[in-house]
1. Which of (1) open to solvent by 70 Å² or more (accessible area, probe 1.4 Å); (2) touching a strand residue (DSSP E or B) at 6+ places or on another chain (Cβ under 8 Å); (3) touching a residue at least 60 places away in the same chain (Cβ under 8 Å); (4) more than 27 Å from residue A:364 (Cβ to Cβ) is the odd one out, the single condition residue A:199 does not satisfy?
2. Filter the range B:209-247 down to the residues that are in a helix (DSSP H, G or I) and open to solvent by 60 Å² or more (accessible area, probe 1.4 Å), then identify the one that is nearest to residue B:140 (Cα to Cα).
3. Looking only at the range B:11-23, which residues are in contact with a strand residue (DSSP E or B) (Cβ under 6 Å, 6 or more places away or on another chain), open to solvent by less than 30 Å² (accessible area, probe 1.4 Å) and part of a helix (DSSP H, G or I)?
4. If residue B:96 satisfies all but one of (1) assigned to a helix (DSSP H, G or I); (2) surrounded by 14 or more Cβ atoms within 10 Å (Cβ to Cβ), what's the number of the condition it fails?
5. Provide a single number: the residues in the range A:74-93 that are open to solvent by 50 Å² or more (accessible area, probe 1.4 Å) and without any contact (Cβ under 8 Å) to a residue 12 or more places away in the chain.
6. If only one of A:101, A:65, A:130, A:54 is of a type in the set (S, T, N, Q) and within 14 Å of chain B (Cβ to nearest Cβ), which one is it?
7. So residue B:169 passes all but one of these: (1) under 16 Å from residue B:222 (Cβ atoms); (2) open to solvent by 20 Å² or more (accessible area, probe 1.4 Å). Which condition number does it fail?
8. Of all residues in the range B:316-335, which are surrounded by 14 or more Cβ atoms within 10 Å (Cβ to Cβ), of a type outside the set (D, E, K, R) and not in a strand (DSSP E or B)?
Protein chains: 2
Amino acid sequence: MKFEIMRERLLDGLNDVMKAVSSKTTIPILTGIKLEVTEQGLHLTGSDSDITIQTFIKAEENGEQVIRVIEEGTIVVQARMFNEIVRKLPTSDVEIEVNEQYQTHIRSGKSEFHLIGLDASEYPLLPEIQDDRQFVIPADLLKSIVRETVFAVSTSESRPVLTGVHWEVKNGELVCVATDSHRLARRKTTLEQLPEGEYSVVIPGKSLNELSKIIGDSSEPVHIVMTQQQVLFKTSDVLFYSRLLEGNYPDTSRLIPNEYKTTVTVNGKALLQAIDRASLLAREERNNIVRFSSLEGNVVEISSSSPEVGKVEEEIQATSIEGEELKISFSAKYMMDALKAVDGQDVMVQFTGAMRPFILKSVHDDAILQLILPVRTY
Amino acid sequence: MKFEIMRERLLDGLNDVMKAVSSKTTIPILTGIKLEVTEQGLHLTGSDSDITIQTFIKAEENGEQVIRVIEEGTIVVQARMFNEIVRKLPTSDVEIEVNEQYQTHIRSGKSEFHLIGLDASEYPLLPEIQDDRQFVIPADLLKSIVRETVFAVSTSESRPVLTGVHWEVKNGELVCVATDSHRLARRKTTLEQLPEGEYSVVIPGKSLNELSKIIGDSSEPVHIVMTQQQVLFKTSDVLFYSRLLEGNYPDTSRLIPNEYKTTVTVNGKALLQAIDRASLLAREERNNIVRFSSLEGNVVEISSSSPEVGKVEEEIQATSIEGEELKISFSAKYMMDALKAVDGQDVMVQFTGAMRPFILKSVHDDAILQLILPVRTY
């Protein structure tokens, strides 16, 4: 194996696959990344066995020669070390050569590294995925969907299935739900290209967070393929595989109230900032609870107190408050997470009483729904 | 006490004094900052008992009213909380009012905080400093002097005096020396305003690092006053006090060789980058040692190896190599620190043999001298 490559392009590819490599893996070969060069270009693969990322760098792009392939071949090199070396090489070109015994030579200018590589045939194969259950979402929309739901997954392993986001394709719609049993985030998306059949999977929250870092903010299509054990996200140059979580995801639809006694319409950003300030004192008490009260004249009061530090009161002018008077307490963190997911717009908060779950959504549409359980304080 | 202040100006002042406040202090009142408002303006004071920082915000500046003083007074408030509150307040103006029982009210727009303050009379007084031993250095030069020496202080408490930088004023010159007994950094500065007498102090490295963060990059004069126990750095709006280290600083002048057997002149940046790359492999071995060899044709070879990972060789074209052939090994970290202090220029490295300390300085002047002890490797 021997080839020359533009250093910047190799770095871009490494940036992506490095996100799958974990230093904590128990499988030694997974501390490495696999390089496979053919006449067409270079495949880089990284994996922590939960997530596998493969990128492809084309030998020629827009008439520009990115890679000069002298001899095809494949090798596994220690990922962190290889990445740091390439990052610090002195010139814009890199030559990589592997001889017998997996000795890997990396040359750039007058700098020459000799790394001890590993046999690529010992590197795990990519999961086999058939393309039958496939649908397409633009990259930027996919990132929004992840951002609006993934924060609500459980961080506790006591119910592993809740550490993932439930993705369900049904009636031409994708419904994504995450809950840690104290709050819930739901995002509905109409799919342009109607997939056949119904299917649902639970994707680990961690995988979705990593996916978000890799896909761009463009409207480039991302092909999504679901199988029994794996989900694959495909862009033009990246394959992102994640294992799925096993177990039945709970039916969350019955958690969402059907009728409401108080509806507050308010600017989401103003409410977010007021709760952010109130939580400064609430945090001192460990529970991070703020109080929300409806006052006369469409005013909402946000308050919190800490016996040792002091207290805070905030008034926010709401657009409207309809229905019963209300005093309720909830986690400042959950409310701030929910408001960030709904993103600055005017929001509608609907309550069914001080001890019942309440929901939050944009005044413009129902695509995003956030549900929070209140906290008893007296 | 009652006053209104422009939020941005209060934040700037807090930014400075917060650098002296430590959450790890054993003196409860030092978790707070002291506010003292008079007709002239607001004094803010923060301290961890080693470092004390006081800033002054003038009530009026360039005809603009920054502070409206309604009632003079003084209070101590919990530093971290007060700082975060001011940072998050909704409008550009803040009203602060203290009533009996040290209740402190912070108002901005429709947001109102009530903090439990502390009696300012319990806050330690500033050290008393007489202005007789004073000299002046421009702020940007002071920052350079700190940057070029402070990294070489010892991090071990086994000889506490070595955790500071030795500042000696003598014959119209300031000589700053730091050493951890494996390497040494020395910076000489000619003082424009000749101070009277000779004096020397040892300033804790930590204090100098914090000082660097506070003083600007301008040529504004910084007045430096040294006493037996304290040093004071004074700019137009900040007073920075640091305690001094006790004990005799060792005489380091005899460490610096008088004659050299090999002199290498080389671009500092090229050498720095080569050692940075070589240290990627050297780090794996914990000792972080690289080899430096003079070759034919004014070439320097930098190399290192790690049995488990591999090896690296780098060649650098030197401007000149004079004297005996040389192979020497040293800490990559120490060499990189020294090269960064000399800052990108062409450097002269002078050796007296593979087992003797060597020095590094700019080809242009002797103001900065870096000394490193080599490491035996065979």
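1. Only one criterion in (1) open to solvent by 70 Å² or more (accessible area, probe 1.4 Å); (2) touching a strand residue (DSSP E or B) at 6+ places or on another chain (Cβ under 8 Å); (3) touching a residue at least 60 places away in the same chain (Cβ under 8 Å); (4) more than 27 Å from residue A:364 (Cβ to Cβ) is unmet by residue A:199, namely (1).
2. Pass one, the range B:209-247, residues in a helix (DSSP H, G or I): B:209-214.
Filter once more, so that each one left must be open to solvent by 60 Å² or more (accessible area, probe 1.4 Å): B:209, B:213.
On the way: B:209: 14, B:213: 12 Å.
Ranking the qualifying residues of the range B:209-247, first place goes to B:213.
3. B:13, B:17
4. That leaves (1) as the condition not met.
5. 1
6. Numbers: A:65 fails: within 14 Å of chain B (Cβ to nearest Cβ); A:130 fails: within 14 Å of chain B (Cβ to nearest Cβ); A:54 fails: within 14 Å of chain B (Cβ to nearest Cβ).
Being of a type in the set (S, T, N, Q) and within 14 Å of chain B (Cβ to nearest Cβ) holds for just one of A:101, A:65, A:130, A:54, which is A:101.
7. Checking residue B:169 against (1) under 16 Å from residue B:222 (Cβ atoms); (2) open to solvent by 20 Å² or more (accessible area, probe 1.4 Å), the one that fails is (2).
8. Across the range B:316-335, the qualifying residues are B:318, B:326, B:332, B:334, B:335.
The values are calculated or read from the model by the stated rules, or taken from the named source; none is laboratory data. This one's a predicted model, so the numbers in the text were calculated from it and none came from an experiment. Backbone-built Cβ (ideal geometry, glycine too); neighbour counts: all protein chains shown. The accessibility values were calculated without ligands, DNA or RNA, using every heavy atom of the protein model including side chains. Shrake-Rupley method; radii C 1.70, N 1.55, O 1.52, S 1.80 Å.
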